[in-house]
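**Q** First the structure, then my questions, so here it is.
The values are calculated or read from the model by the stated rules, or taken from the named source; none is laboratory data. Quantities reported herein were computed from a predicted structural model and do not represent experimental measurements. Virtual Cβ from ideal backbone geometry, glycine too; neighbours counted across all protein chains shown.
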Amino acid sequence: MSDDYEWSKWCPFPAKEMLYDIDAPIGPGVYEIRLANNSEPVYCGKSKTVSTRMQSLLPKPWGKGTRNNAGLRSFILENIEKIEYRTVSLSTDWEAQQLETMMKQNRR
């Protein structure tokens, strides 16, 4: 289960102009996003560089990267004041992939 890992505390998602304030691993890991008001899961993902990947969760001009998931980016922007996130740092990308897969399977 994902609770067997050392997750960060849930944090409010930073304002769109303050994405550099995301407190996330600079190496491999997993992040999870939820709605703060009801703890409803929104998305989870993994990356070789979690902090950079999370900065792509907003559309341009605020977000970075080339994600092709405009729906998720728009949802987060529209609900940014209700979004919170947590992260877990892992040793390898393979470990991050395994955790992400398990989390997505548990949501079905």
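Yes/no matrix, rows are residues, columns are (1) over 9 Å from the mean Cα position of the chain (by Cα); (2) assigned to a loop (DSSP other than H, G, I, E, B); (3) not hydroxyl-bearing (Ser, Thr, Tyr):
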{"position": "Glu32", "(1), (2), (3)": "no, no, yes"}
{"position": "Ser39", "(1), (2), (3)": "yes, yes, no"}
{"position": "Pro59", "(1), (2), (3)": "yes, yes, yes"}
{"position": "Gly63", "(1), (2), (3)": "yes, yes, yes"}
{"position": "Arg67", "(1), (2), (3)": "yes, yes, yes"}
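**Q** Pairs under 6 Å by beta carbon, first residue modelled with pLDDT of 90 or more in region 1-23, partner of a type in the set (Lys, Arg), six or more apart or different chains?
**A** Here the result reads Trp7/Arg86; Ser8/Arg86; Trp10/Arg86, each pair linking region 1-23 to a residue that is of a type in the set (Lys, Arg).
**Q** Right, next: Just checking, which of Ile76, Ile26, Ile80 is of a type in the set (A, V, I, L, M, F, W, C) and without any contact (Cβ under 8 Å) to a residue 60 or more places away in the chain?
**A** Matching residue, one of Ile76, Ile26, Ile80: Ile26.
**Q** With the checklist (1) loosely packed, with under 14 Cβ neighbours inside 10 Å; (2) farther than 17 Å from Glu95 by Cα in hand, flag the one item Pro14 doesn't pass.
**A** (1)
**Q** Let me ask another. For region 79-94, what are the residues that are surrounded by 17 or more Cβ atoms within 10 Å (Cβ to Cβ) and either of a type in the set (S, T, N, Q) or closer than 15 Å to Pro25 by Cα (or both)?
**A** Listed by number, the residues that qualify are Tyr85, Arg86, Thr87, Val88, Ser89, Leu90.
**Q** Limited to region 86-99, what total is found for residues that are outside any loop (DSSP other than H, G, I, E, B), out of contact with any Ser or Thr (no Cβ under 9 Å at 6 or more places or on another chain) and touching a residue at least 24 places away in the same chain (Cβ under 8 Å)?
**A** 2
**Q** Further question: Looking at region 26-45, can you tell me whether even one residue there is loosely packed, with under 13 Cβ neighbours inside 10 Å, β-branched (Val, Ile, Thr) and at negative phi?
**A** So far as region 26-45 goes, yes, one or more of its residues are loosely packed, with under 13 Cβ neighbours inside 10 Å, β-branched (Val, Ile, Thr) and at negative phi.
**Q** Does region 21-77 hold any residues that are of a type in the set (Ser, Thr, Tyr) and under 22 Å from Ser89 (Cα atoms), and which are they? Steps first, please.
**A** Going residue by residue through region 21-77, those that are of a type in the set (Ser, Thr, Tyr) are 31, 39, 43, 47, 49, 51-52, 56, 66, 74.
Passing the criteria: Tyr31, Ser39, Tyr43, Ser47, Thr49, Ser51, Thr52, Ser56.
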